[in-house]
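**Q** Questions regarding the structure given below will be posed in turn.
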Amino acid sequence: MNESSVENGIFFAPQGAKPASKKVASLLRAENLTKVFRSGDSDLVVLDQLELNVEEGEMVAIVGESGSGKSTLLQILGALDKPTSGAIYFGREPYAGLSAAAMAAMRNRNFGFVWQSHFLLPEFSARENVEMPLRIRGTEGREAARRAGEWLDRVGLAARSSHRVGELSGGEQQRVALARALAGEPKVLLADEPTGSLDAGTAERTMQLMERLHREHHMTTLLVTHNLGLAQRCDRTLRLENGRAAAVSLSGTL
């Protein structure tokens, strides 16, 4: 008989079993999620038994003070980091127990990432930057080039696809990063302050683009932002405070 177990504080669900929680409709779920960093002789608790449910198709904003754990939460949900304890599920599938290779495959299949610093490769063109992750995943060259071109067109940069990163404006660079994140057709877009380094007008245009792509491609989006105006346009907003996530209403705050 399969039984669940706990190893190093991480919950392992028995193979083929349903999660213990009854909240099974979530696309992405965290239960009792805790992340502790060792700081000198003391422990820094960044996330403290955090609970999170994200439904398929939602656009969810995550706000909070600097150092509240927003980026850490995104990295853990996106399988870039591991929690100290707690359980994370993508649909009904737990992260716990996955090998490094299986975790990487799950991450590449399901998640796209956009950061405040776009991390584009300056020696390559916009098209090559979008194409490269596809090639790394094994997509054939001509197919990778076709998909890169399609996504650059969708973000309005078809005419700039051959330009190197240094020849693009900050807003254009972030659109290339967005195309790169979405070219693999992930189920979830994780965006960490994607407009934080942009001026107000460019940030607004970037957010409009993200909203349009979110709707058109039926994505699920988690957006970390300090901009309450952007957060207000999402389906709902969660505030991280003292390691926990709580729903907040931003109506009337602007």
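**Q** Mind checking whether some residue in the range 109-129 is touching a strand residue (DSSP E or B) at 6+ places or on another chain (Cβ under 9 Å), under 27 Å from V60 (Cα atoms), of a type in the set (G, A, S) and touching a residue at least 60 places away in the same chain (Cβ under 8 Å)?
**A** Yes, there is a match, as at least one residue in the range 109-129 is touching a strand residue (DSSP E or B) at 6+ places or on another chain (Cβ under 9 Å), under 27 Å from V60 (Cα atoms), of a type in the set (G, A, S) and touching a residue at least 60 places away in the same chain (Cβ under 8 Å).
**Q** Determine the pairs where a residue that is among the basic types (K, R), located within the range 229-249, has a partner that is crowded, with 18+ Cβ neighbours inside 10 Å and assigned to a loop (DSSP other than H, G, I, E, B) with Cβ atoms under 8 Å apart, the partner being 6 or more residues away or on another chain.
**A** Close Cβ pairs satisfying both conditions: R236/E58.
**Q** Restricted to the range 150-182, and to residues that are in contact with a strand residue (DSSP E or B) (Cβ under 7 Å, 6 or more places away or on another chain) and small (G, A, S), which residue is surrounded by the fewest Cβ atoms within 10 Å (Cβ to Cβ)?
**A** The extreme case among them is S162.
**Q** So, in the range 36-75, how many residues would count as being of a type in the set (S, T, N, Q), touching a residue at least 40 places away in the same chain (Cβ under 8 Å) and surrounded by 15 or more Cβ atoms within 10 Å (Cβ to Cβ)?
**A** Number of matching residues: 2.
**Q** So how many residues does the range 201-252 have that are part of a helix (DSSP H, G or I) and of a type in the set (K, R)?
**A** Residues meeting the conditions: 3.
**Q** State all residues of the range 95-127 that are among the charged types (D, E, K, R) and surrounded by fewer than 20 Cβ atoms within 10 Å (Cβ to Cβ); if no residue qualifies, say none.
**A** Result: R107, R109, E123.
**Q** Sticking with this one: Consider E185 against the criteria (1) charged (D, E, K, R); (2) assigned to a loop (DSSP other than H, G, I, E, B); (3) surrounded by 20 or more Cβ atoms within 10 Å (Cβ to Cβ): it satisfies all of them except one. Which criterion is unmet?
**A** (3)
**Q** Moving on. If I filter the range 72-94 for residues that are among the acidic types (D, E) and more than 20 Å from N32 (Cβ to Cβ), do I get at least one hit?
**A** no
**Q** From (1) closer than 29 Å to Y89 by Cβ; (2) at pLDDT 95 or above, pick out the condition that doesn't hold for E216.
**A** (2)
**Q** Out of the residues in the range 231-244 meeting the condition of being closer than 23 Å to G171 by Cα and crowded, with 21+ Cβ neighbours inside 10 Å, tell me which one is modelled with the highest pLDDT.
**A** Applying the filter and picking the extreme gives C234.
The values are calculated or read from the model by the stated rules, or taken from the named source; none is laboratory data. As the structure is a prediction and not an experimental result, all values here were calculated from the model. Cβ atoms come from the backbone with ideal geometry, glycine included; neighbour counts cover every protein chain shown.
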